[in-house]
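**Q** The structure follows.
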Amino acid sequence: QVQLVESGGGLVQAGGSLRLSCTVSGRTFSSYSMGWFRQPPGKEREFVATITWGGGSTSYANFVKGRFTISRDNAENTVYLQMNNLKPEDTAVYYCAANHEYLSRRRYEYDYWGQGTQVTVSS
């Protein structure tokens with residue numbers, strides 16, 4: 001059983017920064033690609049970023065390019081999402097997820113999900 005636990009969400013003003021963390025337990029973390037998704041209020045869950053098992057490749061949604069950075073520390077079983085220059089439209093519940101696919105952006109290709117962490121950006 002793989003468990004994912006997100007942390008680091010909160011309330012921040014527009015232009016501010018947050019770093020989300022997702023710690024994975026239960027299986028070999030380094031064998032999984034990791035992704036971040038988000039679900040804005042009243043909307044569907046959407047892809048944000050993904051990183052390969054070794055951390056050598058990443059992919060981002062267009063709306064976060066240049067502002068968000070995904071990274072991972074396999075020794076700590078943790079994946080991060082550094083979010084800079086936050087905008088009110090970034091307000092959402094952010095989820096991390098794990099799979100064995102290569103840079104997948106599709107929700108259905110992810111096998112394990114965390115419970116989510118709320119990010120609220122005020123204007």
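The values are calculated or read from the model by the stated rules, or taken from the named source; none is laboratory data. Only a predicted model underlies this, so the values are computations on that prediction, with no experimental measurement involved. So basically every Cβ, Gly included, is an ideal-geometry build from the backbone, and we count neighbours across all protein chains shown. Only protein heavy atoms, including side chains, enter the accessible area calculation; ligands, DNA and RNA are left aside. Shrake-Rupley method; radii C 1.70, N 1.55, O 1.52, S 1.80 Å.
**Q** So for the chain, what are the equivalent ellipsoid semi-axes in whole Å, largest first, each being the square root of 5 times an eigenvalue of the Cα gyration tensor?
**A** 22, 14, 14
**Q** If you don't mind, there's one more thing I want to ask. Net charge near Ala61: determine it from the other residues with C-beta under 10 Å of the C-beta of Ala61, scoring Lys and Arg +1 and Asp and Glu -1.
**A** +2
**Q** For a test of the definition: using alpha carbon positions, the gyration tensor, and the 1.5 limit on a/c, classify region 1-64 as rounded, prolate or oblate.
**A** prolate
**Q** Which order, highest average first, do 90-103, 61-74 follow once you tally other Cβ atoms within 10 Å for each residue and take the mean per peptide?
**A** 90-103, 61-74
**Q** Taking the solvent-accessible surface of protein heavy atoms with a 1.4 Å probe, what is the per residue accessible area of the chain in Å²?
**A** 49
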